[in-house]
1. Report the residue, chosen from B:Leu143, B:Leu259, B:Leu199, that carries the largest GNM mean-square fluctuation when chain B is represented by alpha-carbon nodes joined by springs under 10 Å.
2. Where nothing but the Cβ of Lys and Arg (+1) and of Asp and Glu (-1) is charged, how large is the charge dipole of chain A around its Cα centre, in debye to the nearest 20?
3. Rg/Rh for region A:2-252 to two decimals, with Rh computed the Kirkwood way over all alpha-carbon pairs.
4. From largest to smallest, what semi-axes in whole angstrom does region B:172-230 give when each is the square root of 5 times an eigenvalue of its alpha carbon gyration tensor?
5. Relative to the longest principal axis of chain A, what angle (0 to 90°, nearest 10) does the C-alpha long axis of helix A:133-164 take?
6. Sorted from largest down, give the three principal axis spans of the alpha carbons of region A:23-83, whole angstrom values.
7. Note the angle between two axes, namely the Cα long axis of helix A:50-71 and the longest principal axis of the Cα atoms of chain A, as a number of degrees from 0 to 90, rounded to the nearest 10.
8. Output the 0 to 90 degree angle, nearest 10, between the alpha-carbon long axis of helix A:110-126 and the longest principal axis computed from the alpha carbons of chain A.
Amino acid sequence: MVAAMWIRSTMAYRASFVLTTFGNFAATGLDFVAIMLMFSRVDALGGYALPEVAFLYGLSSVSFGLADLAIGSMDRLGHRVRDGTLDTLLVRPAPVLAQVAADRFGLRRLGRVTQGVLVLGYALVTVDIDWTAARLLLMPVMLLSGAVIFCAVFVAGAAFQFVAQDAAEVSNAFTYGGTTLLQYPPTLFARELVRGVTFVLPLAFVNWLPAAYVLGRPYPLRLPAWMAFTPPLVAVVCAAAAGTAWRAGLRSYRSTGS
Amino acid sequence: MTGVDTAFIEVDRVEKVFEVRRKTGLLKRERRQVRAVDALSFTVARGEMVGYIGPNGAGKSTTIKMLTGILTPSGGRLRVAGIDPSRERTRLAHRIGVVFGQRTTLWWDLPLIDSYRLMHRMYRIPDARYRENLDRCVELLELDGLLDVPVRQLSLGQRMRGDIAAALLHDPEVLYLDEPTIGLDVVSKARVRGFLRELNAERGTTVLLTTHDLQDIEQLCSRVMVIDHGRLMYDGPLAGLHEAGESERTLVVDLERELPPIEVPAPARVVRVQGPRQWVAFPASQSAAPLVARIAAVCPLVDLSVREPDIEAVIAKMYAEKATA
């Protein structure tokens, strides 16, 4: 029902919808083109061949795309906080988080997911994986946990906007920036950075760790083998932390003067 | 009456403090605390229709926002229908309706009827109830031809009526209206007021209304509360407010020709003469009729009009009195 309304709302501006969906698809597609261009010069990036990088890229893009599709409109929260239109959401008997997420259902964001799925498909066909039951099972678990982790980052970023009001770019650095980081092999980055995205902002659990297991690669930071199966746990912890931050943010909401 | 009925809305020594940061240097910032609402206490009984007035920045909207759960009070106790608004905001939402005059709660890009359908789902209104309430609102607020029009294409008056209908589909027990007639023309104002009167009389809906328009209060509310600087200055009938503020109405009379100031019985007095036009001030609590009759008897009268005192003037007078007392 609500989804149908989003679609109708979007279709009120049909041309814009078609253009932005296509634009989204093309813009994200260019990311991968950039990687392919690099590979026309080198054979491996941080020890990863093109199909393996495509694997990382696809996982990160799909996870992120799903999160972005669900609650990517969180970055509009800053506007709503500043112009006071958040008030109207607060007097309705539905969770504000859901309402903000549903605010502008980003159908156009389908472009990103589609592109991620295509790259992931290409990777699965070309990369040489020794499929076991555990590895097969890890695939959907990894994508889902990854999406939840990104959602948590979106929500935490939104919660921060209650305080900062106009900090969409700060949280974008972690969401959009994070997904770009994950599209490259961990071996490319400094140890400190890898440590940061493992233990502080646990983005490494979206794809680096579990993908290393699936690909039979050495783990970044020499972590123990069972760590590859922790993403669901990490996702739950992240979601809980983000939820707490969100509630704190909502309580400190000050509305506007009228 | 039970306790909840006599104190359906209960505000007990509530305060709201905002921290304002001001830039004083390149990076230095000065923190200052602003008390938007200061030790405010009042109760509203079920079925009452109360006007809540005060100058800009007095704390009206802040109060309403605390009563709806949008803002969390810094101190004090607040209950609406026995519910603590900021703790159980969504539970309260089913029992209250809110209309913000300045911004719409409707979906901007969708036809009006779609917004109502979404409300239907969101508030889980039983189908029969929804249809009945919608029909009633459409009829009384004259929304007939507007249901298929996207909200962004509605005029201000149409949108306001659409907003009021949206706030009432789930049969709220309390209706908060924040400046419901702001920017409306005379006809739309009359329509909105008529509807609210009927709603209160028929359904017993408790109404709390903030406004700048004294006529809203005069025509709708038996009780008025005045707030300024976050404190309750007055709580009682509107007539009493005029007495407390010694506010005056002004009778403007146009005579056939220039005449010396008309002799009128005290406390009425002529305050200004300009050519054939004269201004006569008289207490707002009195009727204008005897005065008009009196003037008509002694002077050749061409035309006349009565000017109401505005809220700011009334409140200013109340202040002046408190200062001298």
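1. B:Leu259
2. In total the dipole reaches around 540 debye.
3. Details: Rg = 18.7 Å, Rh = 18.9 Å.
Here the Rg-to-Rh quotient is 0.99.
4. Numbers: eigenvalues 62, 52, 20 Å².
Rounded to whole Å, the semi-axes are 18, 16, 10.
5. Long axis of A:133-164 versus the principal axis of chain A: about 40 degrees.
6. 51, 19, 18
7. Here the helix axis deviates by roughly 10 degrees.
8. The answer is roughly 10 degrees.
Any read-out appearing in this document is the output of simple, stated calculations on the displayed coordinates, not a laboratory observation. Just so it is clear, the model here is predicted, and its values are computed rather than measured. Heads up, the Cβs are rebuilt from the backbone with ideal geometry, glycines too, and the neighbour counts pull from every protein chain shown.
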